[in-house]
Amino acid sequence: MDLRVEPEGWARWGTRRMRCALGAAGVRHDKREGDRATPAGVFVMRRLLYRPDRAAPPPTRLAIAPILSDDGWCDDPADPAYNRPVKLPYRAHAERLWRADRLYDLVVVLGHNDDPPVAGAGSAIFLHLAAPDYAPTEGCIALAAEDLRGVLAEADAASRVVVAAR
């Protein structure tokens, strides 16, 4: 099944309609590193990452891995590990996955610019938890915890996120 994301901040999973947060710069076909836009396109749900210190992983048929305190994601286009998981501290710039704000307590890694990564075409595009006020993301798609758990309960290796542009 596909999670269909509309640029106005709504998503559909089957018959369920959910509010979502998107990148502060909207949705773009020409995603670039640091532009704060959500990329338009079709992205496979690769795997679920979760914070084991906060909750058990929710039921899902996606591959699952815990987030550890030294986990990061390289977002430096000049580094060979660009758009790949890394251990912190890391020699190049990398985003910390172990966050205090709980937004990454559940993170679905999306298949954006990863097969193979193209330097500068955007990294760390995830489906994750939304802030209580649905504040814009840096380019990810974010859902309320209940909605994300509902998606995860039915998601499998063939599930995709389809992001429409205007």
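The values are calculated or read from the model by the stated rules, or taken from the named source; none is laboratory data. Bear in mind that the values here come from a model prediction, so they are computed numbers and not experimental data. Here the Cβ positions follow ideal geometry from the backbone for every residue, glycine too, while neighbour counts run over all protein chains shown.
Structure data summary
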read-out	value
All strands (runs of 3 or more DSSP E) inside the range 94-166 with 3 or more residues being crowded, with 16+ Cβ neighbours inside 10 Å and hydrophobic (A, V, I, L, M, F, W, C)	106-110, 126-129, 141-143
The range 58-76, subset small (Gly, Ala, Ser) and either under 14 Å from the mean Cα position of the chain (by Cα) or outside any loop (DSSP other than H, G, I, E, B) (or both), residue surrounded by the most Cβ atoms within 10 Å (Cβ to Cβ)	GLY72
Check on VAL162, within 16 Å of ARG47 (Cβ to Cβ), touching a strand residue (DSSP E or B) at 6+ places or on another chain (Cβ under 8 Å) and at pLDDT 95 or above	no
Residues of the range 42-54 satisfying the condition of being surrounded by fewer than 19 Cβ atoms within 10 Å (Cβ to Cβ) and within 22 Å of TYR134 (Cα to Cα)	ARG54
Residue in the range 86-94 that is within 14 Å of the chain's Cα centre (by Cα) and modelled with pLDDT of 95 or more present	no
Close pairs (6 angstrom Cβ cut-off, 6 or more residues apart or separate chains): closer than 15 Å to ASN83 by Cα in the range 97-111, part of a loop (DSSP other than H, G, I, E, B) anywhere	LEU97/ILE67; LEU97/TYR104; LEU110/ILE125
Of all residues making up the range 8-41, the number that are under 26 Å from ASP115 (Cα atoms) and either surrounded by fewer than 14 Cβ atoms within 10 Å (Cβ to Cβ) or in contact with a helix residue (DSSP H, G or I) (Cβ under 6 Å, 6 or more places away or on another chain) (or both)	4
Matching residues in the range 12-57 - criterion: being of a type in the set (D, E, K, R) and either within 20 Å of VAL162 (Cβ to Cβ) or assigned to a strand (DSSP E or B) (or both)	ARG12, ARG16, ARG17, ARG19, ARG28, ASP30, LYS31, ARG46, ARG47
ILE125 in contact with a Leu (Cβ under 6 Å, 6 or more places away or on another chain) and more than 19 Å from PRO58 (Cβ to Cβ)	yes
